[in-house]
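The structure appears below as structure tokens.
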Amino acid sequence: MNPPAETATRLGAGLVALLALSIFVFDLLTPLGWADWLLYFIPLVLTLQSPRDRDAYNFAAVATVLTALGGYFSPGDVHPAMAVMNRVLGLAVMWGLTWMMVRQKQSRSQLVGARAAQAQAEAGREAAVAARELAEASATGAMHRESQVARDLLLSSLRLDGIVQSAMDAIITSDDRMQILLFNEAAERMFHCTARDAIGCSMDRFLPARFREAHRHHVEKFGRSHVTSRKMGQLGTVVGLRGNGEEFPVEAAISHIVVEGTTFYTVILRDITERLRAEAHLRGIEERSRLALEAGQLGAWEYDVTADVVQLDARAQALHRCATGVSLGAMMASVDPGDLHALQELMSPTHRPDTPDARFTSECRMRYPDGEVRWMVVRAQAFFEGTGAGLRVTRVVGTTQDVTARKRVEHLIRQSEERYRRLVAVSPYGILVMRAERVIFANDQALKLFGAVKAEEIVGRSPFDLFHQDSHAAMRERAGELLGGSQVVPMVEEQILRRDGLPMDVEVSSAGFSDEEGPAMLVMLRDISERKRLQDRLRKTERIAELGTVASGMAHEIGTPMNVILGRAEYLMDRVTDETVKRGLQTIVAQVERITRVMNQLLAVARRKPPERGSLALREVIESSVEMFQERLAKNRVQVEMQLEEACPKVQADADQMNQVLINLIMNAVHAMPDGGQLRIGMAQADSMVKLTVADTGSGIPPEVIARVFDPFFTTKEFGKGTGLGLTVVKGIIEEHHGSISAESLEGQGTTFTILLPKGG
Amino acid sequence: MIEGKPAVLVVDDDGEMRSLLCDSLWREGYALHEAGDGEAAFQLVLSAVPNLILTEIRFDAGGVDYINRLRAIAPSCPIVVMTAFGDEQVRMKVLRAGATAYFSKPVHLAELRSCVRQLIREENRSGPQHVAATEVAR
């Protein structure tokens, strides 16, 4: 139906409805006796314009109902039976009229349809003629193309054969009795059987015996069901049998085709041995990865850079305190701000790898909202897409591991190590660690003891190179004890060999220990040379003091007889004229004088009183001492040169003892210069000390002697001239004053004694 | 005691030493008296104060007190003390106790003689005292 017609129909329907409603209202308002319901004939006529015949009957039905209602509700002016009869008669006329009008309309439209059918039949006949002409022309063309189609068929067949032979999968075709008709090259390789051998054989040959029955059953079932292709895998494990008897897993797809009543089955097989192996391998890898993640307490995550979405596994979610599928920012929310930047830098989408291996590891702290801080190690690998300038990170896959416990342990170990390192570093003991007769560690103090500058001079050497030969036997014994399980061996005194070849006395404590590299020995060395020196000196001092005490006690006993000897000799000398006798008497006198000197020195030691120290101007002592020797110095042609600093502070010292020191030193110098020379006395401040030097220009002292000049009874002086106690007394006095004395000498150029005394308070 | 000669009392517990000293001083022309210990010397000085006392101090009834006692009974008599290997302290004590001179043994006789001579000369100038030694104590 065209749209304007449809519109007209709708308008018509509306008009009919409006009229019907108006008439109904009018009927209600007018008295019952009025035949106004006859007005329903007007819209009824209008409905005959509708293309549908049904509409007229529908309206007639509606008009009947409305008439009935109108009659019922209208105000009654006539007898109701009268009114009902009128209306029933009217309605019967209306229904009859309607029926007639509809019949007439139908007859008219049937006539129009017959005419149209006739016209269509005409057109069909013409088309049939044209078609027959076309068919005739086509038949002629087809006959011309027959040879062309045959060629195409051949080519297609060859192409198919090529595809079959070159296919990666084995293709086998068999007939309904399972006789093989086609066996391609891949099948030859798979089953280790040539096509010539295979064609004509039963399929059973390539199946393990236990599967043959099931296979036959399946194929028959497959032939009956009209499913075109189905995976044989549904049978369960499909196993093939190679020519050499080896079984192998295969994946198979089977199809069938019916040609001239015979069913042909084509099966495509793929050897999945490698794939299964690879799958098993992959499963193994996955399992191992899972175990590794589990064992390492690793949380795994993957960051899609483009979408800015991170997928986290359960552990990673717990570590990062976030859900999965969140943005990188949300994942990093708990990372300590101090560590965040470095981590973001590594994860940044613009991050470009300088090396092909775009892996990174970063340590960071997690600062959780509850204030807890934990250490994490984030390891990740970035994956890139694009090349050159377009290279971008697309994905970052990584793990997060909670290493707080390890960190704490590391921290504790580091602290502990640091403590021990410091302890070892500041230890006043030289510490060596030895393993397998090699020094593997030496601290600074040990290097100092050995006089070494670099650790290499000690580390790596055998301990036997470092210790004096006399100690070797004891060392071996000790090592044997320690390595045999003893933890500590008693402290011993031994000698080490310094790098300059000189031996040094040390106290050695050793302990054994064992670590992962095996048993080792810790050796602590303490320099006891100073102690030894002190002990020696003490022993000597004691000896001297003892001697002094003896001398003191004997002084009287010796003094008087000596005086008698001396006196008698002198008495006789005045009375004899014989020169020989006189010389003899002179010798006696000289010898007594010598004994007297020795005794006096001894007594000086014995009678040394505690010094009475006070602030002392050394200058005065020096000047008075020199003054005292003026005559003797002049006699020996010794020039005195004094360089006494004006501003030199006073010293804390005993005047008498200083006097004695100077007298001894000056005397010494005079003796060193029998042919005259120069005596230089200097005094200057040196830090908190006052330095006093007494130098002569004498013959000097050989190096082997100079070390012993302070030893008691050591003298180089001619027999009878020195007591060997002078410098010992000097050293004793200086050391009592907390000072020091040293001697330097150059043979032929003279000797210099240098004294350092503490400044006076 | 020989009149006119200066009297010198030599005190030492060692006979050889005494003998030596006497021999040495004899030539100087002194009247020599000897004592072997402090008590004998004290008795001698009590009986007659000599012109000079030359004495050791290490013997019975000796020591620094002995010098004090001598000085008490002979205030102006020179006392020369000798002692074997005496040190400064002894010297100081002795001199403080009243000794006129101090020598540490062994002493050269020449030095001793000149000292004695000097002291007697000085003593004579300041007024001679007569020594009345009645006996020589051993």
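Residues in the range B:63-74 carry Karplus couplings, in order, of x, 5, 4, 4, 5, 4, 5, 4, 5, 5, 8, 9 Hz; the curve used is 6.51 cos²θ - 1.76 cosθ + 1.60 with θ = phi - 60°, and Gly or Pro positions show x. Would you mind counting up the charge near A:L566? Only other residues with Cβ under 14 Å from its Cβ, with Lys and Arg at +1 and Asp and Glu at -1. After counting each charged neighbour, the total is -2. Near A:M642, the amide H atoms lying under 5 Å from its own belong to A:I681; only residues 5 or more places off or on other chains count, and H is placed 1.01 Å from N. Along the range A:310-317 the Karplus relation, 6.51 cos²θ - 1.76 cosθ + 1.60 evaluated at θ = phi - 60°, assigns HN-Hα couplings of 10, 9, 10, 7, 4, 5, 4, 4 Hz to successive residues, with x for each Gly and Pro. What does the charge add up to near A:T9, with Lys and Arg as +1, Asp and Glu as -1, over the other residues with Cβ less than 12 Å from its Cβ? Net charge around A:T9: 0.
Legend: mean number of C-beta atoms from other chains within 10 angstrom of residue C-beta atoms, peptide B:88-95, equals 1. Between the listed residues A:L32, A:M82, A:T67, the Cα displaced farthest toward the positive end of the dipole of the range A:1-100, a dipole computed from Cβ unit charges relative to the Cα centre, is found at A:T67. Pairs of alpha carbons in chain A separated by more than 41 Å make up 76% of all such pairs. Taking every protein chain into account, the accessible area of the range A:427-527 amounts to 53 square angstrom per residue (probe 1.4 Å). Taken as Cα centroids, the range A:292-352 and the range A:442-518 sit 55 Å apart, rounded to the nearest whole angstrom.
Using a 1.4 Å probe over protein heavy atoms, the accessible area lost on pairing A with B, summed over both chains, comes to approximately 1900 Å². By the Kirkwood approach, averaging reciprocal distances over each pair of separate Cα atoms, the range A:611-758 gets a hydrodynamic radius of 15.4 Å. The slack in the chain from A:R10 to A:V705, taken as 0.36 nm per residue of separation less the alpha-carbon distance, amounts to 235.2 nm.
Peptides A:742-748, A:115-121, B:82-88, A:313-319 ordered by packing proxy, namely the average of other Cβ atoms within 10 Å per residue, highest first: B:82-88, A:313-319, A:742-748, A:115-121.
Put simply, the amide H of B:A35, placed in the peptide plane, has neighbours under 5 Å in B:V10, B:V11, B:D12, leaving out anything fewer than 5 places away on its chain. With one equal scatterer per alpha carbon and no solvent term, the Debye-computed log10 I(q)/I(0) for chain B at 0.22 1/Å reads -1.55. Amide H to amide H, with H built 1.01 Å from N, A:N443 comes under 5 Å of A:I431, counting only residues 5 or more places away or on other chains.
Which whole-percent values make up P(r) of the range A:296-409 when all C-alpha to C-alpha distances are grouped in 10 Å steps starting at zero? Answer for the range A:296-409: a P(r) of 14, 48, 29, 8, 1 percent.
A Cβ-based charge dipole, computed about the Cα centre of the protein assembly as shown with Lys and Arg at +1 and Asp and Glu at -1, lands at about 2140 debye.
Note on the protein assembly as shown: antiparallel DSSP beta bridges, both residues inside, total approximately 80 percent of the bridges counted.
From the Kirkwood radius over Cα pairs of the range A:511-651, Stokes-Einstein at 25 °C and 0.890 mPa s returns a whole-number translational diffusion coefficient of 114 µm²/s. Projecting label points 7 angstrom from Cα along Cα→Cβ for A:L19 and A:E363 puts them 10.2 nm apart. Among the helices of chain A, those built from whole DSSP H runs whose Cα atoms reach 18 Å or more along their own axis and whose mean Kyte-Doolittle hydropathy is at least 1.0 are A:3-29.
Spacing of the modelled spin labels on A:Q49 and A:T404, each 7 Å from Cα toward Cβ, amounts to 9.2 nm.
For the segment A:564-575, counting C-beta atoms of other chains within 10 Å of every residue's C-beta and taking the mean gives 5.
Rounded, prolate or oblate: which fits the range A:18-88 when a ≥ b ≥ c are the square roots of the eigenvalues of the alpha-carbon gyration tensor, with rounded for a/c under 1.5 and prolate only if a/b beats b/c? Here the range A:18-88 falls in the prolate category.
Sorting A:61-71, B:50-60, A:439-449 by average packing, meaning the other beta carbons within 10 Å per residue, from highest down gives B:50-60, A:439-449, A:61-71.
The values are calculated or read from the model by the stated rules, or taken from the named source; none is laboratory data. These figures come from a predicted structure and were not determined experimentally. Please note: Cβ atoms are built from the backbone with ideal geometry, for glycine as well, and neighbour counts cover all protein chains shown. Please note that ligands, DNA and RNA were not included when accessible areas were found on the heavy atoms of the full protein model with its side chains. Shrake-Rupley method; radii C 1.70, N 1.55, O 1.52, S 1.80 Å.
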